[in-house]
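The values are calculated or read from the model by the stated rules, or taken from the named source; none is laboratory data. Computed from a predicted model, the values in this text were never measured in an experiment. Cβ atoms come from the backbone with ideal geometry, glycine included; neighbour counts cover every protein chain shown. The protein model used for the area step is the full one, side chains on, heavy atoms only, and it has no ligands, DNA or RNA in it. Shrake-Rupley method; radii C 1.70, N 1.55, O 1.52, S 1.80 Å.
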Amino acid sequence: MNCIIIDDEATARAIVAQLCAKFSDLNVIEEFESAVEAIKFLNQQQVDVIFLDIHMPGFTGVDFVQTLKNPPHIVLTTSDTEFAIEAYEYEAIVDYIVKPITPERFEKSIQKIKKVASQPVVKTPVSKTESNNSSVTDLYINIDRRLIKLKFNEILVVEAKGDYIEIRLEKDTYRVHTTLKKIKEKLPDSIFLQIHRSYIINFNKIIDIEDNSVLIGKNVVPISRSNRPELMRRLNLV
């Protein structure tokens, strides 16, 4: 099983790596001190197991888990038990180890992973709307190597501007180096709607509609001719 270790402390990473080395079927392929760097890596390569510290600069390990679309098996490592109950609400989290980690406790964790990995996975078909982030409530964006969490219901408008997008909230605006197409894939259809080639809006935040534009907060957003029918349908207008 290919593994990665995420912990901002070098000593903690070294301990987990040494414990993994005692198991011939565990292969540590990378270590990270930053969850942001780990996310970039996981966008390019799949792994079987993540050993993840909870307390890291910027956000918790549990927050990190929420950013993963198809998470592998995850073992949380921590110096306290504060997040134990919350952690087990996530199916991908197989175990929760309190530091300092003993060889005996680590072996039990590996046995849990092997047991879970040996069980068949039953996938239930879901509709596009149900599968498009229906159980997720947050969007994580990467700003200057920091992950910032935005609540879906706080986002008003997303606008494409060249190689960047602007995400506008009531009081804040964030500029992210990505495309409108990529950000659209992360936004639930039940809340957001693209009404122009350069704009996605939070449908629930519409204040007024006039001619070929909508008002959302203080933002006047144009409606393209091709997107207007879908907007009318969502408004139950014909």
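Determine the per residue accessible area of the chain with all protein chains present and a 1.4 angstrom probe, expressed in square angstrom.
Value for the chain: 59 Å² per residue.
In the chain, if the dipole is taken from +1 on Lys/Arg beta carbons and -1 on Asp/Glu beta carbons about the Cα centre, which of ILE191, SER118, PRO229 is farthest to the positive end?
PRO229
Which one of GLN45, SER79, VAL220 is farthest out on the positive end of the charge dipole of the chain, using unit charges on Cβ (Lys, Arg +1; Asp, Glu -1) and the Cα centre as origin?
Result: VAL220, furthest along the dipole toward the positive end.
Here are a few candidate values for mean projected area of the Cα convex hull in nm²: (i) 13.3; (ii) 15.1; (iii) 12.6. Which one was actually calculated from the structure I just gave you?
Label (ii) holds the value from this structure.
Measure off, as a whole percent, the carbon and sulfur share of the 1.4 Å-probe accessible area of the chain, all protein chains present.
48
When DSSP beta bridges are limited to those with both residues in the chain, what percentage is antiparallel, rounded to the nearest 5?
Looking only at bridges with both residues in the chain, the antiparallel portion is about 65 percent.
For LYS182, give me every one of the lysines with a C-alpha distance below 19 angstrom, ignoring sequence neighbours fewer than eight places off in its own chain.
Output for LYS182: LYS40, LYS69, LYS128, LYS149, LYS151, LYS161.
Taking H as built 1.01 Å from N, whose amide H comes closer than 5 Å to the amide H of VAL214, not counting residues under 5 places away?
Here VAL221, ILE223 satisfy the definition.
Taking 8 Å as the Cα distance limit and 6 or more residues as the minimum spacing, I'd like the relative contact order of the stretch 1-100 as a percentage.
It comes to 25 percent, rounded to a whole number.
Select from ALA35, ILE209, ILE4 the residue farthest towards the positive end of the dipole of the chain; place +1 on Cβ of Lys and Arg, -1 on Cβ of Asp and Glu, and compute about the Cα centre.
Positive-most Cα among the choices belongs to ILE209.
May I ask you to compute the full-extension gain from ASN2 to SER226, defined as 0.36 nm times their residue separation minus their alpha-carbon distance, rounded to one decimal in nm?
Here the answer is 76.0 nm.
The stretch 172-194 to the stretch 195-231: how many Å between their Cα centroids?
Here the two parts' Cα centres lie 14 Å apart.
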